[in-house]
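The values are calculated or read from the model by the stated rules, or taken from the named source; none is laboratory data. Remember, it's a predicted structure, so these values are computed and weren't measured experimentally. Ideal geometry is used to build each Cβ from the backbone, glycine not excepted, and the neighbour counts take in all protein chains shown.
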Amino acid sequence: MNLVDVHCHLNHELFKDDLDAVLQRARQEGVKRILLSGVNPVANKEVLEFVKKDPALLKASLGIYPIDALGLQLDAVGLPHHPGPIDLDKEFTFFEKNRQKITAIGEVGMDFHWASREETYEQQAENFRRIIRFALKIQKPLVIHSRKAEEECIQILSEEIKNREIPVINHCFSGGKAVISKAAALGHYFSIPPNIVKASNFQTLVKLVDLNQLLTETDSPWLSPIKGQKNEPAFVLKSVEKIAEIKGLTREEVARQIWQNYEKVFG
Ligand SMILES: [Zn+2]
């Protein structure tokens, strides 16, 4: 089986002692592509360095996390921190300079879990629109973070991307049925994390969305399927197995279709 993890953070400090073993377990499980996601200028540079460890397996997705874009700081994230609001134009220049090394733009989007909707909606929406327009300009897929901002993100994406000019991948999407259907009708993809084994909202999503629009991710080290153990790319197999169970297919059939989806979106 060829497996893919389209979203994770292997530059997180939790991997600093066992990264080689983590990558080895992923290879053994059949993982053929792992997209490392950046969240700010410091992390993006780190991601570009990390992928050099195994360029066939590791790919760079450079991002501007909505909270980092605002210059807000979360406590103890474990990822490199960028001080103050992000100068988007400067970061776009950096992305363009590294265009050939970038598989996707993300994670980007909006977040009303860590920032208040009342105080930050306007700024987050403006940042998000600028990032979408930039992705359209350089023709790269967008990996979306939309925590507690699902409807707002899908609305803005529908306004900015009229004719499916670039693929949109909703990472760890936690919206309700109506907004799932809306995004699916727009042709969006959804990447499913391994905690689908216990999270009923992802199970519902998989029931509603065609297999042609599903991908797998881990968001490592977060969203582990195993309590008390950090997540890692090898666990995408858990996502594949659960999708297979829900769709009534074999895991090989699911893995094959998801690999095809991967190639179509990022190939
Ligand atoms: Zn993430």
- Go through the residues of segment 24-35 one by one and say whether even a single one is farther than 18 Å from SER146 by Cβ, surrounded by fewer than 21 Cβ atoms within 10 Å (Cβ to Cβ) and without any contact (Cβ under 8 Å) to a residue 60 or more places away in the chain. yes
Within segment 152-171, the residues that are touching a residue at least 40 places away in the same chain (Cβ under 8 Å) and out of contact with any helix residue (DSSP H, G or I) (no Cβ under 8 Å at 6 or more places or on another chain) are HIS171
(1) within 15 Å of the ligand (Cβ to nearest atom); (2) over 28 Å from GLU49 (Cβ atoms) all hold for SER158 apart from (1)
> On the given criteria, is ASP17 charged (D, E, K, R), in a loop (DSSP other than H, G, I, E, B) and either surrounded by fewer than 17 Cβ atoms within 10 Å (Cβ to Cβ) or without any contact (Cβ under 8 Å) to a residue 12 or more places away in the chain (or both)?
Replying inline: yes
Inside segment 24-53, the number of residues satisfying the requirement of being of a type in the set (A, V, I, L, M, F, W, C) and more than 26 Å from SER239 (Cα to Cα) is 3
Of the residues in segment 116-127, those that are in contact (Cβ under 8 Å) with a residue 40 or more places away in the chain and surrounded by fewer than 22 Cβ atoms within 10 Å (Cβ to Cβ) come to THR120, GLN123, ASN127
In segment 231-248, residues that are surrounded by fewer than 16 Cβ atoms within 10 Å (Cβ to Cβ) and not in a helix (DSSP H, G or I) total 1
Filter segment 23-44 for residues that are within 16 Å of the ligand (Cβ to nearest atom) and in a helix (DSSP H, G or I); the one that is farthest from LEU57 (Cα to Cα) is VAL42
Counting only residues in segment 102-155 that are of a type in the set (Gly, Ala, Ser) and farther than 11 Å from ALA69 by Cβ, the one farthest from the chain's Cα centre (by Cα) is identified as SER116
Counting only residues in segment 208-230 that are surrounded by fewer than 19 Cβ atoms within 10 Å (Cβ to Cβ) and assigned to a loop (DSSP other than H, G, I, E, B), the one farthest from the ligand (Cβ to nearest atom) is identified as ASP210
Within segment 57-75, restricting to residues that are crowded, with 24+ Cβ neighbours inside 10 Å and in a helix (DSSP H, G or I), the one that is farthest from the ligand (Cβ to nearest atom) is ALA69
Expected single match for farther than 19 Å from ALA125 by Cα, modelled with pLDDT of 95 or more and more than 15 Å from the chain's Cα centre (by Cα) among ALA183, ALA255 is ALA255
